[in-house]
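First comes the structure, then the notes that go with it.
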Amino acid sequence: MANYRSYSLEEKWIIANQVREAGNKRRKLKELGVPKSTYYDWLKHDFRKGDKTPHRIWNKAPEWVEEEVRKCRLSGDPLKESPARIMEHLERLGYFITESGVKSILKRLKLPKLRYPVKKNFYIRPRAEKFFQVLCLDELDFLRFRPHDTNVMNFVDEASYYPVKSKVFGRKINQDDVVGVLKEIKKEYGRLPKILRLDNLQVYKSRKLTKYCQKEGVILDYITKGCPEENWPVEVWHRALNQNVIYRHGYARISDWQKEIDRFREYFINYWRIRSDPILRTPKEIAFCFTTPATQHRLKLKLMRKHYRKVQPDGKIYLGGKRVYLGQEFASQKVFLPSLLGVRNV
C-alpha cells in the first residue's frame, strides 16, 4: 500500500517556488516526489485544503418528512408503524418515497426495529408408550461444498428417541426417496409404524407417499405450520447431530457423511442417556425394555444411596463417617427394582 504524505502550508509554498523557478517543472516535481495532479490541485485551491463534502445534499428528506416518519413509527398503531405503511402515509401527503428510503430515514433517526409478539398455537399430542407406535420424520439441510446441498432424512421413534434411520442425499429429497427409505425400514424391522408424524413440505404430501401409506395402513400426522415443537423427538436428534457431527466435520463425499452419521447414530443409541427419562436410560434401553449392566450398577448405587443415605460410585458406603466396602459377593446380588422404574434385569 502506498504511503501518502501530508504537507503543511509552508511546505506547499516552498515546493511551489522551487517548481516555478525550475526550467522543467515535470522533472522538478518528480525529483521532489510530488504528483503533478496534486501540485495543480494546490494551485486551484490557493494551497488550502479542499473540502470534498458537497455543499448541498440533493436527495435528503426534508425535516417535516422525518418528523412524520418519527410520528408514525412511535404511534403504536400497527397500520402506521411499518415502512410500507409509512410510505403510503407520505404518498397521501403528497411526498413520494420508496420503502427503502423510509428504512434509511428510520436508521438515521436510530429508531428500533419492530418486534411483534409471536403467538404460537400448537397441539401437544399424548406421548407414545410403545416402540414404533409413532415415528417422526424430518430432513436436515447442511452444505457440503457449494453449490451442492447435502440433506439427511431422519426417522426417530417418539417413545424412546431411538433414531431408526438416517439417510444422506446429495440433493433435495423427493417422494421416491421417502418411499424408498420406508421400504428399507420395513425390511430391517419387519414392520412400519402406526403413525408417521411429519411437517408440511410438499414432498411429504405427494401422491406416491400418500398411496403407499394408505396401502400399508400408516396414518400420516401433519404438524401445525411453523411449529416444529410438535415434532420434538426428531428435533432433539437434529440438535445432537449438528453439535457432534455436522459442525465438527466436513467431508467431500456422501459416503463419508453417511459413514460418520451412522457411527454417531450407534453411539447415540447405545450410550446417550435421555435426560427426560426418570432413570436416564439410553434410547436402546427404552425401546427394547431392558437395562445394560452399567445401568443396573448405576441403579443399584442409586437405591443404596437412598437406603444408606450416601454411597460412592466405586461401591464404598460411608456410615457415620466410617467407610464400609461392598464385596464382590454383595455387588453381584440382584437388587429388587420397583415396578415404577419400568425395567427388568438381564
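The values are calculated or read from the model by the stated rules, or taken from the named source; none is laboratory data. Note that the structure is a prediction, hence the values are computed from the model and not measured. Every residue, glycine as well, gets a Cβ built from its backbone with ideal geometry; the counts of neighbours run over all protein chains shown.
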- [ ] Being within 21 Å of CYS227 (Cβ to Cβ), of a type outside the set (A, V, I, L, M) and part of a strand (DSSP E or B) is the filter here, so list the residues in segment 142-161 that pass it.
- [x] ASN154, PHE155, ASP157
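Each row is one residue, and each column tells you yes or no for (1) within 37 Å of the chain's Cα centre (by Cα); (2) in the same structural domain as GLY226 (by TED's automatic domain parsing); (3) in a helix (DSSP H, G or I); (4) at pLDDT below 85.
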position: ARG5; (1), (2), (3), (4): no, no, no, yes
position: GLY23; (1), (2), (3), (4): no, no, no, yes
position: ARG27; (1), (2), (3), (4): no, no, yes, no
position: LYS49; (1), (2), (3), (4): no, no, no, yes
position: CYS72; (1), (2), (3), (4): yes, no, yes, no
position: GLY76; (1), (2), (3), (4): yes, no, no, yes
position: LEU90; (1), (2), (3), (4): no, no, yes, no
position: LYS113; (1), (2), (3), (4): yes, no, no, yes
position: TYR116; (1), (2), (3), (4): yes, no, no, yes
- [ ] Give just the number: which of (1) over 23 Å from the mean Cα position of the chain (by Cα); (2) more than 25 Å from ASP177 (Cα to Cα) does TYR212 not satisfy?
- [x] (2)
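Farther than 29 Å from PHE288 by Cα and in contact with a helix residue (DSSP H, G or I) (Cβ under 7 Å, 6 or more places away or on another chain) - does that describe any residue in segment 177-198? Show your work before the answer.
The first filter runs over segment 177-198 and keeps only residues farther than 29 Å from PHE288 by Cα, leaving none.
The answer is no, given that none of the residues of segment 177-198 is farther than 29 Å from PHE288 by Cα and in contact with a helix residue (DSSP H, G or I) (Cβ under 7 Å, 6 or more places away or on another chain).
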Task: When residues of segment 246-288 are limited to those that are among the hydrophobic types (A, V, I, L, M, F, W, C) and within 17 Å of MET153 (Cβ to Cβ), the one surrounded by the fewest Cβ atoms within 10 Å (Cβ to Cβ) - done: ILE254
Task: Qualifying position, being surrounded by 15 or more Cβ atoms within 10 Å (Cβ to Cβ), touching a Phe, Trp or Tyr at 6+ places or on another chain (Cβ under 8 Å) and under 29 Å from ASN121 (Cβ atoms), among LEU196, LEU182, LEU241 - done: LEU241
Task: Scope segment 85-107; condition in contact (Cβ under 8 Å) with a residue 24 or more places away in the chain, of a type in the set (Val, Ile, Thr) and crowded, with 18+ Cβ neighbours inside 10 Å; matching residues - done: VAL102, ILE105
Open item on the list: For segment 199-237: of the residues being under 15 Å from PHE155 (Cβ atoms) and of a type outside the set (A, V, I, L, M, F, W, C), which is surrounded by the fewest Cβ atoms within 10 Å (Cβ to Cβ)?
Closed with: GLU216
Task: Pair list, Cβ < 7 Å and 6+ apart or interchain, from segment 284-295 residues that are not assigned by TED's automatic domain parsing to the domain that holds TYR161 and modelled with pLDDT of 90 or more to residues that are of a type in the set (A, V, I, L, M, F, W, C) and part of a helix (DSSP H, G or I) - done: LYS284/ILE269
- [ ] Test SER82 against the stated conditions and say whether it is surrounded by 14 or more Cβ atoms within 10 Å (Cβ to Cβ) and at pLDDT 85 or above.
- [x] yes
